[in-house]
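Bear in mind these aren't lab numbers, they're just calculated from the coordinates by the rules spelled out. Everything numeric in this text was worked out from a predicted model, so none of it was measured. Don't worry about glycine lacking a Cβ; one is built from the backbone with ideal geometry, like all the others, and counts go over all protein chains shown.
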Amino acid sequence: MAIEWRDYDKDPLDKKELESLIAKRPVEDFLNPRSTPYKALGLKGKKVSKAKAVALMLDDMNLLKRPLVVKGSHYIFGFSEDEYRKL
């Protein structure tokens, strides 16, 4: 299986890519509650709209859970050796 690696610091996702990734999935899946920006913004326990989440992630890619592995319609957020084996 070929893997495409992307360093978000050097090559951040753009608005169209983020919106496409999130599509109809819960935006909470994409936001990293352990990140410093998430905590600094006081997002814990708050409902964030898709548009707001995209804007926040465009401003700071550290809000995006990583690594993010996408294969077709299957998404894995964070490191999960068991999930990687299933791919």
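Each residue of the range 76-87 was assigned a 3J(HN,Hα) from its phi angle through the Karplus expression (A = 6.51, B = -1.76, C = 1.60, θ = phi - 60°), giving 10, 9, x, 7, 9, 4, 4, 5, 4, 5, 5, 5 Hz with x at Gly and Pro. Applying a threshold of 24 Å to the alpha-carbon distances of Lys65/Lys86; Lys10/Lys86; Lys50/Lys71; Lys10/Lys44; Lys16/Lys50 flags Lys10/Lys86; Lys10/Lys44 as lying beyond it.
Just to confirm the filter: which chymotrypsin sites (Phe, Trp or Tyr not before Pro) across the range 1-54 are DSSP coil and have at most 16 other Cβ within 10 angstrom of their Cβ? Kindly include the intermediate steps, with their values, before the conclusion.
Numbers: sites: Trp5, Tyr8, Phe30, Tyr38; in loops: Trp5, Tyr8, Phe30.
Answer by residue number: Trp5, Tyr8.
Rounded to the nearest 20 debye, the dipole size of the range 15-86 about its Cα centre is 220 debye, using +1 on the Cβ of Lys and Arg and -1 on the Cβ of Asp and Glu. Here is the list for the range 1-35: trypsin sites (Lys or Arg not before Pro) lying in DSSP coil, each with at most 16 other C-beta atoms within 10 angstrom of its C-beta, are Arg6, Lys10, Lys24, Arg34.
When the chain is described by a simple charge dipole with +1 on each Lys and Arg Cβ and -1 on each Asp and Glu Cβ, the residue from Ala40, Phe77, Met61 located farthest towards its positive end is Ala40.
With the alpha-carbon atoms of the chain aligned to their principal axes, the span from lowest to highest coordinate is 38, 25, 24 Å, starting with the largest.
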